[in-house]
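J.: Have a look at this one before I ask anything.
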Amino acid sequence: MRKSVLSVFLLLISVSFAIPRRAAGRQDPDRKPDLLVDDDKVQCPTATFTSIQDAINAAKAGNLIRVCPGTYSEQLSINKSLSIEGDNGAIVLPVNMVANATGSSGTPIAAAILVEDAANVEIEGLIVDTSNSGVSACSPDLIGILYQNSSGSIEHNAVRSTKLSVSLNGCQSGDAIVVESLGGGTSKVTIDHNSVHDYQKNGITGNELGTEVAITNNVVTGLGPTTGAAQNGIQVGFGAKGGVLRNTVTDNVWAPCVSLTNCAFNATGILVFQSDDVRVEHNSVATNQVGVFANGQNAKIESNNISNSLVLVGIDLAGNDGLASHNDVTNSGQAAVLIEGNDNKVQSNEITEAPVGILKLAGTVGNTHSGNSFFDTLIPVEDPAPAHTVHVVPQR
């Protein structure tokens, strides 16, 4: 996000969920690759290519590229339908990265893997590491895998070290996986079973109208307490559609947020920002300042396990007509559930150890709660609560 800081009141939620069609290639596990790549031709002596990009350039639409173990010091650019499958130990480790794309805000981007204007692109089994990026300023933005106006899947990859030097840790840069749509285009991408960690700003992001993401079964781990950019583990925002299901999201903490009166900004586990109808279900979310933050219309926050929300809250319903149901919320700093919008429902949640179980902001209307269980919580419901603002920092 481009240095925007908005209060909970400005956040709008997200989206209708549909699982994008999976790219061709992995539907037949016995399919032989059309092109074989090995950096030194030791593991795969019959490989035709030593560079992944050379294989991409030579590939025909629909081809399968197999990448043998090795270290590939290159940025990749894909603009056609194809599948890339990495063997164990296939590492994309670009050196001295350069800008190869432009983001929705017009900011230049340096992406390790760029998929642009392409349908049915599958990336699977790669280690994507940008620790040698050489990016020495806040611009260009550093991204691990970027899909723009493209469809397909990102599965079983490890995307790591998407961060700048310590002296630049306040830059709003360093995103592991980003899917976005530009200029009226569309992107439909499944992001499944990836390991994402050591990012500076966001772990997994789906942004903009025209974008539809299914973010499932990933493990997303923040840096822990940091004084740099306020991190978000998973973000669906700015009109994107999608669902966030069965992920594990931990350790997104902005260290200067130490109390309710001294918390200029905060980090979130799952952030839904200016998008409607988003489903957030069956996730494990722990050790973030806000577990799940959702603002907009018709958010569904259901059957999540949310714990250790430092200083702030487990679930923040900042929009309207949202539902928080059947969640297990444990050990929240301020409240298990904070309601800042109107006509929200909080029902059948199990709340353990919170100063306040359900905290309703003064001036909100039409909110209801029923069937919730409270344990080790001195004030089950406080209505109305004094004015309070959560300052999330989305990525754009």
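The values are calculated or read from the model by the stated rules, or taken from the named source; none is laboratory data. Just so we're clear, the structure is a prediction, and the values are computed from it rather than from any experiment. Neighbour counts run over all protein chains shown; Cβ positions are idealised from the backbone, glycine included.
J.: Please enumerate the residues belonging to region 281-299 that are within 23 Å of residue 241 (Cα to Cα), surrounded by fewer than 24 Cβ atoms within 10 Å (Cβ to Cβ) and under 17 Å from the mean Cα position of the chain (by Cα). Quick ask: steps written out before the conclusion?
T.: Residues of region 281-299 that are within 23 Å of residue 241 (Cα to Cα), as a first pass: 281-285, 290-299.
Still in the list and also surrounded by fewer than 24 Cβ atoms within 10 Å (Cβ to Cβ): 281-282, 284, 297-298.
Listed by number, the residues that qualify are 281, 282, 284.
J.: Give the residues of region 154-189 that are among the basic types (Lys, Arg) and in contact with a Pro (Cβ under 9 Å, 6 or more places away or on another chain), sorted by residue number.
T.: 188
J.: Here's another thing I want to ask about it. From the list 308, 342, which residue is of a type in the set (S, T, N, Q), out of contact with any Pro (no Cβ under 8 Å at 6 or more places or on another chain) and outside any loop (DSSP other than H, G, I, E, B)? Don't jump to the end; show me each part of the working.
T.: On the way: 342 fails: outside any loop (DSSP other than H, G, I, E, B).
The match here is 308.
J.: Of all residues in region 52-76, how many are buried (at least 16 other Cβ atoms within 10 Å of the Cβ), on the phi < 0 side of the Ramachandran plot and of a type outside the set (A, V, I, L, M)? Spell out the reasoning first.
T.: Within region 52-76, the first condition is being buried (at least 16 other Cβ atoms within 10 Å of the Cβ), and the residues that meet it are 52, 55-56, 59, 63-70, 72, 74-76.
Filter once more, keeping what is on the phi < 0 side of the Ramachandran plot: 52, 55-56, 59, 63-69, 72, 74-76.
Now narrow it down to the ones that are of a type outside the set (A, V, I, L, M): 63, 66, 68-69, 72, 74-75.
Within region 52-76, residues that are buried (at least 16 other Cβ atoms within 10 Å of the Cβ), on the phi < 0 side of the Ramachandran plot and of a type outside the set (A, V, I, L, M) number 7.
J.: Can I ask one more? Every residue in region 129-142 that is buried (at least 18 other Cβ atoms within 10 Å of the Cβ) and touching a residue at least 40 places away in the same chain (Cβ under 8 Å), please. Outline the logic, then answer.
T.: First, the residues of region 129-142 that are buried (at least 18 other Cβ atoms within 10 Å of the Cβ): 129-130, 133, 135, 140-142.
Of everything in region 129-142, those that are buried (at least 18 other Cβ atoms within 10 Å of the Cβ) and touching a residue at least 40 places away in the same chain (Cβ under 8 Å) turn out to be 140, 142.
J.: For region 188-207: of the residues being among the polar types (S, T, N, Q) and more than 14 Å from residue 278 (Cβ to Cβ), which is surrounded by the most Cβ atoms within 10 Å (Cβ to Cβ)? Give the derivation first.
T.: Applying the first criterion (among the polar types (S, T, N, Q)) to region 188-207 yields 190, 194-195, 200, 202, 205, 207.
Now drop any that are not more than 14 Å from residue 278 (Cβ to Cβ), which leaves 190, 194-195, 200, 202.
On the way: 190: 23, 194: 27, 195: 15, 200: 25, 202: 33.
Checked region 188-207; the qualifying residue surrounded by the most Cβ atoms within 10 Å (Cβ to Cβ) is 202.
J.: Also: If residue 342 satisfies all but one of (1) at pLDDT 95 or above; (2) crowded, with 17+ Cβ neighbours inside 10 Å, what's the number of the condition it fails?
T.: That leaves (2) as the condition not met.
J.: Another question, if that's okay. State whether one or more residues within region 13-33 are out of contact with any Ser or Thr (no Cβ under 8 Å at 6 or more places or on another chain) and either crowded, with 22+ Cβ neighbours inside 10 Å or at pLDDT 95 or above (or both).
T.: Taking region 13-33 as the starting set, the residues that turn out to be out of contact with any Ser or Thr (no Cβ under 8 Å at 6 or more places or on another chain) are 16-18, 27-33.
Checking the rest, the ones that are also either crowded, with 22+ Cβ neighbours inside 10 Å or at pLDDT 95 or above (or both) come to none.
No, the conditions are met nowhere in region 13-33.
J.: List the residue pairs whose Cβ atoms are under 7 Å apart, where the first residue sits in region 33-52 and is within 17 Å of residue 83 (Cβ to Cβ) and part of a helix (DSSP H, G or I), the second is of a type in the set (Ser, Thr, Tyr) and modelled with pLDDT of 95 or more, and the two are 6 or more positions apart or on different chains.
T.: So the pair list comes out as 52/72.
J.: Looking only at region 168-187, decide whether some residue is at pLDDT 95 or above, surrounded by 24 or more Cβ atoms within 10 Å (Cβ to Cβ), farther than 23 Å from residue 69 by Cβ and β-branched (Val, Ile, Thr).
T.: Yes - at least one qualifying residue is present in region 168-187.
J.: Answer with yes or no whether residue 189 is in a strand (DSSP E or B), under 25 Å from residue 138 (Cα atoms) and either of a type in the set (A, V, I, L, M) or touching a residue at least 40 places away in the same chain (Cβ under 8 Å) (or both).
T.: Details: in a strand (DSSP E or B): yes; under 25 Å from residue 138 (Cα atoms): no; either of a type in the set (A, V, I, L, M) or touching a residue at least 40 places away in the same chain (Cβ under 8 Å) (or both): yes.
Judged against the criteria, residue 189 is not a match.
J.: Same structure, new question: Of the residues 196, 159, 178, 166, which is closer than 22 Å to residue 224 by Cα, touching a His at 6+ places or on another chain (Cβ under 9 Å) and not small (Gly, Ala, Ser)? Reasoning before the result, please.
T.: Working: 196 fails: touching a His at 6+ places or on another chain (Cβ under 9 Å); 178 fails: touching a His at 6+ places or on another chain (Cβ under 9 Å); 166 fails: touching a His at 6+ places or on another chain (Cβ under 9 Å).
The unique qualifying residue is 159.
J.: Here is a list of conditions, (1) part of a loop (DSSP other than H, G, I, E, B); (2) more than 18 Å from the chain's Cα centre (by Cα), and residue 167 meets all of them except one; can you say which number that is?
T.: (1)
J.: Counting residues that are within 27 Å of residue 60 (Cα to Cα) and in contact with a helix residue (DSSP H, G or I) (Cβ under 9 Å, 6 or more places away or on another chain), which strands (runs of 3 or more DSSP E) fully inside region 87-156 reach at least 2? Give the derivation first.
T.: Details: elements: 90-92, 108-116, 121-124, 127-129, 141-148, 151-155.
Fully inside region 87-156 and qualifying: 90-92.
J.: Now for a separate question. Taking region 208-263 as the search range and keeping residues that are of a type in the set (D, E, K, R) and at negative phi, which one is surrounded by the most Cβ atoms within 10 Å (Cβ to Cβ)?
T.: Initial filter on region 208-263 (of a type in the set (D, E, K, R)): 208, 212, 241, 246, 251.
From the residues that got through so far, the ones that are at negative phi too are 212, 241.
Details: 212: 24, 241: 22.
Selected residue: 212.
J.: A follow-up question, please. So which residues in region 111-125 are within 18 Å of the chain's Cα centre (by Cα) and of a type in the set (A, V, I, L, M, F, W, C)?
T.: 111, 112, 113, 114, 115, 123
J.: Of everything in region 225-238, what is in contact (Cβ under 8 Å) with a residue 40 or more places away in the chain and over 11 Å from the mean Cα position of the chain (by Cα)? Give them in sequence order. I'd like the intermediate steps shown before the answer.
T.: Residues of region 225-238 that are in contact (Cβ under 8 Å) with a residue 40 or more places away in the chain, as a first pass: 226-230, 232-233, 235-238.
Within region 225-238, 226, 227, 228, 229, 230, 238 qualify.
J.: Taking the criterion of being modelled with pLDDT of 95 or more, among the polar types (S, T, N, Q) and in a strand (DSSP E or B), would at least one residue in region 54-74 satisfy it? Steps first, please.
T.: Keep residues of region 54-74 that are modelled with pLDDT of 95 or more, which gives 54-74.
Narrowing the set further to residues that are among the polar types (S, T, N, Q) leaves 57, 63, 71, 73.
Narrowing the set further to residues that are in a strand (DSSP E or B) leaves 63, 71.
Within region 54-74, one or more residues are modelled with pLDDT of 95 or more, among the polar types (S, T, N, Q) and in a strand (DSSP E or B).
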